[in-house]
1. Would you mind checking the pairs K14/K358; K14/K123; K254/K288; K54/K76 and listing those with alpha carbons more than 28 angstrom apart?
2. Given a cut-off of under 8 Å on Cα pairs at least six residues apart, what relative contact order in percent is computed for segment 301-371?
3. How large is log10 of I(q)/I(0) for segment 103-192 at q = 0.13, 0.15 Å⁻¹ when the intensity is taken from the Debye formula with one equal scatterer per alpha-carbon?
4. For Y188, which sequence-distant residues (separation of 5 or more, or a different chain) have an amide H within less than 5 Å of its own amide H, given hydrogens modelled in the peptide plane?
5. Just to be sure I follow: if Rg is taken over the C-alpha atoms of segment 1-123 and Rh is the Kirkwood radius over the same atoms, what is Rg/Rh?
6. Through the Karplus equation 6.51 cos²θ - 1.76 cosθ + 1.60, θ set to phi - 60°, convert the phi angles of segment 90-106 into ³J(HN,Hα) values in whole Hz; use x for Gly and Pro.
7. Would you mind telling me the share, in percent, of accessible area of segment 184-281 contributed by carbon and sulfur at probe 1.4 angstrom?
8. Can you work out the Karplus-derived ³J(HN,Hα) for every residue in segment 343-353? Use 6.51 cos²θ - 1.76 cosθ + 1.60 with θ = phi - 60°, whole Hz, and x for glycine or proline.
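The values are calculated or read from the model by the stated rules, or taken from the named source; none is laboratory data. Bear in mind the structure is a predicted one, so any value in this text is a computation, not a measurement. These accessible areas exclude ligands, DNA and RNA; they are computed on the full protein's heavy atoms, side chains included. Shrake-Rupley method; radii C 1.70, N 1.55, O 1.52, S 1.80 Å.
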Amino acid sequence: MAGIYIHIPFCKHKCTYCDFHFSTTFEEYRQEMIDSICQEIELRHEYLAGKEIKTIYFGGGTPSILLESELKQIIKTISTQFEINSRAEVTFEANPDDINEEALILWKSVGVNRLSIGLQSFKQSDLDWMNRAHNVEESLNCVQLAQKHGFDNLTVDLMYGLPDLNMSEWSNHIQKVIDMGVPHISAYCLTIEEKTALSNWVNRGKISTPNEDVQSDQFMMLLETLESNGFEQYEISNFSSPGHESKHNSNYWKGEWYLGVGPSAHSFNGTSRSWNITNNQKYIRAVKVKSEIFETEFLSKLDQFNERILIGLRTIYGVKRTELNDILPISSGFESVLRGFKGKGWIQEKGNVLTLTKEGKLRADFIASELFID
Ligand code: SF4
């Protein structure tokens, strides 16, 4: 089983908090970029060693910017280079301002069967300072329109921990997405990433972010509200009603293989990770001359052990002791740190599997880093 990720490095606007790779000035070379992505798919089709493709994920950047001809060109290239399972999950990230009847018909016709919509907030002043390209009205209308066009397998992104977002507003945002009838929600706490407009504002004191207690309270509200409405938190930031978990992302978390194409995309094949050139022009040139498009890191046993902890503990699937032991023997030092976390009620162990408790989920990264071996 394997997956393919396609990074579309174009955006209409530069959102003030975002440090993903994208460009807002791409019109002159957009066809060259699509050709390069397709060429990379052809050059690297052996990376997945003939495995059947179970998931395809268009992310970015903004895939919903793609023109019909561009999208069809990429899909055609993938289908000629790989064996794709007839029930493969095909996810497409779309921003509300790009969602309209014509686009939805196109996406459905090329095989997209899961839409991921970046709503982020239902508060116009938040969307404004974030410099999002859409408004609240578009957020409210696009989900209904997608459902009308048969996209029942929908996920929406929301953000909390925003400056000035109070508990009652946050509660209202959660309730709105529940009322929309979406079966999957990804919710992210605002983080201040370096070299973004937001980090500049924070450093200059122009904007302050909520303290950690407020962010924790908003996280707990999210957890409790969604759980009481039939959603399961199957990863720290991801909530699903039964059967609507993201297969693509779940495969990342379970350590399955995937090929990422496009600038900045990452790939994994069990023992090594690679990451593509991030700069758009350098990427196009590298593909053209078939030179090194990516760098590779081979994972030592130590890396594999720590990675299983970091990724596994964030999910409902947890980390299996046997799986860790197969990589490296579990040490007495590890057991002692683990006992401490169990005593605090942050980690639970059922059968062979370690998972975080609700309290533990608030400190997932800290717990994982304490369990790392070096
Ligand atoms: S649309 Fe998405 S990828 Fe593009 S700048 Fe905004 S948050 Fe980043």
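1. Pairs exceeding the cut-off: K14/K358; K254/K288.
2. Numbers: 75 pairs, mean separation 26.8, N = 71.
RCO, segment 301-371: 38 percent.
3. For segment 103-192 at q = 0.13, 0.15 Å⁻¹, log10 I(q)/I(0) is -0.44, -0.57.
4. Residues meeting the criterion, in which the H sits 1.01 Å from N, are L158, M159, Y160.
5. Across segment 1-123, the Cα-based Rg/Rh ratio is 0.96.
6. The phi angles translate into 10, 9, 9, 7, 9, 8, x, 6, 9, 8, 8, 3, 4, 5, 4, 5, 4 Hz.
7. 47 percent
8. After applying 6.51 cos²θ - 1.76 cosθ + 1.60, I find x, 7, x, 9, 10, 10, 10, 10, x, 9, 10 Hz.
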